[in-house]
Structure formats: structure tokens, C-alpha cells
Amino acid sequence: MIAAGRPIRVLLIDDEPLVRAGLAMLLAAEPDLDVVGEASDGGEGVDLATRLCPDVVVMDVRMPGVDGVQATRQLVSDEFTGLAGGTVAVLILTTFNDDSAVYDALRAGASGFILKTAAPAALAASVRTVAAGEAWLDPAVARRLLVDFAARPDPGLPTPTELQSLTCRETQVLVLLAHGLSNAEIAGHLVVSEATVKTHLGRILMKLGLRDRAQAVAAAYKTGLVRPTDQPPARR
């Protein structure tokens, strides 16, 4: 959880120095945001994030070497969370010229997307939103996603195989959610903050292509992750 009065720590990852400089300048103008580091590729960014423990990583989706999708997958993994001592929210920067990259980053666990052409105020707002454990979708990105999903046949709920994309902690959150626990109760059960629970829940919904908590609960039961006769897991 971000302590009251402490600025949100932001790490920038983009292979274009001018883009990084522009982002740093815009975010540094906000009193509640603190740019703690910059990296030119995903691999370097993950290493920096391990040392600097940012609250939010703002990252380009397209980079040589380790791209934004690969880096996101590492940053939201249980292994990274253990090393960094907490979760980090990933905000993906995109020109949206390749829809597949957006879907791949969603499934990897990104907390949101913003276009590189977005207004400075929207950039700051998106960082604050994902830092609070909520999801952020740039309106233009959201419209494209909605149009695409509307054109597809109803995919139904995820399969047991698709649930394997969740991390161990995300699976724990989904199980507790299926047992009817609120965000506050899940936070108390796992000894984490509510913001962390919100972050995990947002990633669950995005990875599995689910609309809301109700669909997440239905998916947990349909896939056999939770059975009606199961008792809630013991509190940690």
C-alpha cells in the first residue's frame, strides 16, 4: 500500500530516449508522482524494478529484445512480487497499430493501456488509477476492444487450461472471491492491502477476458477450481 503523503513511484521503460524524456518531464510536474528510474528495454526495466520497487511501471509495448509483453509477464509474477516485496502495476504505452500486442499484454497481466498521443492530464490520471489497484483503458483503446469483442462469437467462460495463466496469488484471490469474500476480507485473509487485492482482481479479469466479479466467480466453479462443497481456505 502507498503510504499517505508519499508520492507514487514510477519507472519508465521505453527504447526511445526522447519519449522517455518527455514522459519524465510530464510526470515530474505532478507533485504526487516521482519518476525513480528509466530503462531502454524490458530486461533492464525488470532489473531496475527489482531494485527500485516502483508502484507503477509505464512501459512501451514494442521494444527490441525483451518487449513490453514479456516484461509485464515477469513484473506481475509471484517471483517478482516476492523479490520486490509487493505488487507493481504495469501501464502499457501503445500506438495501437497492432491489436494483438494489446491482447497479449492484457493476458500477461497489464493493469491498463494509454496511447502515446494521450493528453498529459490523462497520463497522470492513468498512473494514479493503476497505482490504486484499478484498471485503466484509454477510451480509444477501449472502443477498439469493444468493437473487436462484439464481432466475435461468444467465447463463454475460460477453460481450466486458460486458468493456468494466473499466478499462484491470483488463483488464491479468485478462490476467496468465489467463496464470497469482499476485497477487504480477501486482504485480511492474505495479509495484503485492499489496493493489492484490486490489482490482482483486475489482472484476473483481464487475463481471462471476464467482464466482472460475477463472471470470475462463475469461471471458478465452472472450471472446477472451486466446488460447492469446498470450505474456504484457512486464513494465513
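The values are calculated or read from the model by the stated rules, or taken from the named source; none is laboratory data. All values reported here derive from a predicted model rather than from experimental measurement. Every residue, glycine as well, gets a Cβ built from its backbone with ideal geometry; the counts of neighbours run over all protein chains shown.
E162 fulfils the conditions (1) surrounded by fewer than 17 Cβ atoms within 10 Å (Cβ to Cβ); (2) acidic (D, E); (3) over 23 Å from A110 (Cβ atoms) except for a single criterion, (3). Going by the structure shown, is V90 assigned to a strand (DSSP E or B), in contact with a Gly (Cβ under 9 Å, 6 or more places away or on another chain), closer than 21 Å to T171 by Cβ and modelled with pLDDT of 85 or more? So V90 fits the description; yes. The number of residues in region 153-167 that are modelled with pLDDT of 85 or more and among the small types (G, A, S) comes to 1. Among the residues of region 122-144, just one is at pLDDT below 75 and crowded, with 19+ Cβ neighbours inside 10 Å, namely V141. Filtering region 185-204 to residues that are farther than 18 Å from S77 by Cβ and either in contact (Cβ under 8 Å) with a residue 12 or more places away in the chain or not hydrophobic (A, V, I, L, M, F, W, C) (or both) leaves E185, I186, G188, H189, V191, S193, E194, A195, K198.
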